[in-house]
Amino acid sequence: MYDLLVIGAGPGGYVAAIRAAQLGMKVGVVEKEKALGGTCLRVGCIPSKALLETSERIYEAKKGLLGAKVKGVELDLPALMAHKDKVVQANTQGVEFLFKKNGIARHQGTARFLSERKVLVEETGEELEARFILIATGSAPLIPPWAQVDYERVVTSTEALSFPEVPKRLIVVGGGVIGLELGVVWHRLGAEVIVLEYMDRILPTMDAEVSRAAERVFKKQGLTIRTGVRVTAVVPEAKGARVELEGGEVLEADRVLVAVGRRPYTEGLALENAGLFTDERGRIPVDEHLRTRVPHIYAIGDVIRGPMLAHKASEEGIAAVEHMATGFGHVDYQAIPSVVYTHPEIAAVGYTEEELKAQGIPYKVGKFPYSASGRARAMGETEGFIKVLAHAKTDRILGVHGIGARVGDVLAEAALALFFKASAEDLGRAPHAHPSLSEILKEAALAAWERPIHL
């Protein structure tokens, strides 16, 4: 019998398993895929970043480098895909090593609840028991009823990571993080890319000013972006695919990526055998300690409420097992950052202006542009800005948003500031290296507190 049985070895499940082992628990993990690491490591965050990073360099070389004349840049797609696969393999093998190092037992197969204490591994017939069970089964691409996904011409994000050739024309249905990141990759590699978004702006959950700035940048780079568009059908054809829009307009493409979101994945778990049920959106309800209605069964990550982010799942995994072991465990959801790894990057942590207005929280805004940064000028990266939102009365930082080169890295400091409940003055007075992009955040904080020095 295990102290803890984890179902799912993604960034939520495997991190939770390691932390539980560190706390002295006997831990078992059931994972149906051969490779550990879940969607993120196998067909999500990691492979997409490998493609984003390399395609950005290819794009820069084609465009022309500062101080160098570049001729005859040729795409080697098989080599690019081989690099992506190698990166994925290194990461998944790294998780395997950590399991061995921490004495975690791995069971390959599909988990199904037999009761609130017992889980069956379908393929092997093993029946596993545990004092605590953690559900970390993640999510799957959401396929709307109007999309005929054949996984070749009409695809999800998984297939869009490994097209055998660069499509002449790619239509991306959905202007969220996944659609934009993959759309940008294939555009850099030579595809004509059209992004269709139902809402009135791309990245609809992010700060409106930042998402509108992002739209302008992507259009300037050559992507076609159409917002306020309702897609009524996506149909694969003999030599491509067809997208039908409300009003009768029909668009043709070599391939169509359907990226309208993800859904919690609980198929085959037989939750009812454990006395559990999902809500109207397919999520498993949990309390503030990540416990389900059965107190010894916890759930984390994409299968519960909140943003579907790998690092959110990891934090919840740690909080859940610490609560099992000590009675304490906490996640500060306001300090969880989110990043879009396009170029320029787009990043956010904390409240958006829209959320503050809706809640009637008085706030002040401090902004600083990349164009006023010495380091950004030296890099030739003057596009973008960072914006700090602070409480109008207490000066406490409520949210930080930005678009610009490496802004995802710069905003790690902003997440820490929110985590420690810092004020704009705290952040603005803290010394920052010169010349660095982090000074943009410092100046934006100074602007929110009183006034910036370099503007």
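Run through region 328-370 and list the GluC sites (Glu not before Pro) located in a DSSP loop whose Cβ has at most 13 other Cβ atoms within 10 Å. All intermediate terms of the calculation are to be shown ahead of the outcome.
Numbers: sites: 345, 353, 354, 355; in loops: none.
Listed in order of number, the matching sites amount to none.
Where nothing but the Cβ of Lys and Arg (+1) and of Asp and Glu (-1) is charged, how large is the charge dipole of the chain around its Cα centre, in debye to the nearest 20? Numbers along the way, then the final one.
On the way: 55 positive and 58 negative charges, 183 e Å.
Dipole size: approximately 880 debye.
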Rounded to the nearest 500, the 222 nm mean residue ellipticity computed for the chain from DSSP H runs (n ≥ 4, each -39500 (n - 2.57)) alone is -10000 deg cm²/dmol
Normalising by the residue count of region 154-260, find the relative contact order in percent from Cα pairs under 8 Å and 6+ residues apart.
36
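Which of rounded, prolate or oblate describes region 47-119 when judged by the alpha-carbon gyration tensor and an a/c cut-off of 1.5? Display every interim value, and only then the final one.
Values: a/c = 4.25, a/b = 3.28, b/c = 1.30.
Judged from the Cα gyration tensor, region 47-119 comes out prolate (a/c at least 1.5, a/b above b/c).
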Sorted by chain and number, the residues with a modelled amide H under 5 Å from that of residue 398, at a separation of 5 or more or across chains, are 389, 390, 391
Enter the Cα centre distance for the pair region 158-219 and region 3-42, rounded to the nearest angstrom.
32
Cα-centre dipole for region 154-260 with unit charges at Cβ (Lys and Arg positive, Asp and Glu negative), debye to 20
280
Report the one residue of 36, 454, 224 whose Cα lies farthest in the direction of the positive end of the charge dipole of the chain (charges on C-beta: Lys and Arg +1, Asp and Glu -1; origin at the Cα centre).
454
What is the order of 382, 137, fewest Cβ neighbours within 10 Å to most?
382, 137
Given the convex hull of the Cα atoms of region 335-449, what is a quarter of its surface area in nm²?
6.3
Once you keep just the Cα pairs under 8 angstrom separated by 6 or more residues, what percentage relative contact order results for the chain?
14
Among DSSP bridges having both ends in the chain, what percentage is antiparallel? Round to the nearest 5.
60
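Would you mind putting 391-402, 240-251 in packing order, based on average other-beta-carbon counts within 10 Å, highest first?
Values: 391-402: 21.3, 240-251: 15.0.
Ranking, from highest mean packing down: 391-402, 240-251.
Under the classification rounded if a/c is under 1.5, otherwise prolate if a/b is larger than b/c and oblate if not, where does region 154-260 fall, given a ≥ b ≥ c as square roots of the Cα gyration tensor eigenvalues? Could the numbers behind the result be given before it?
Numbers: a/c = 1.82, a/b = 1.27, b/c = 1.44.
Verdict is oblate for region 154-260.
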Applying a 10 Å radius around every beta-carbon, put 60-68, 362-370 in order of their mean neighbour count, most first.
362-370, 60-68
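So which of 26/118; 312/367; 312/357; 357/393 end up more than 19 Å apart, counting from Cα to Cα?
Numbers: 26/118 16 Å; 312/367 27 Å; 312/357 25 Å; 357/393 15 Å.
Listed pairs above 19 Å: 312/367; 312/357.
Which value, in debye to the nearest 20, gives the size of the charge dipole of region 293-421 about its Cα centre, when Lys and Arg are +1 and Asp and Glu are -1 at the Cβ?
Details: 13 positive and 14 negative charges, 80 e Å.
The calculation lands at about 380 debye.
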Charge dipole of region 335-449 about the Cα centre (unit charges at C-beta), most positive-ward option of 403, 391, 339:
391
Sorted by packing (mean other beta-carbon atoms within 10 Å per residue), highest first, where do 299-311, 70-82 land?
299-311, 70-82
Distance between region 112-129 and region 299-316 - C-alpha centres, whole angstrom
24
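Throughout, read-outs are computed from the coordinates displayed, never taken from laboratory work. Please read these numbers as outputs of a predicted model, since none were measured by experiment. Positions of Cβ are backbone-derived with ideal geometry, glycine not excepted, and every protein chain shown enters the neighbour counts.
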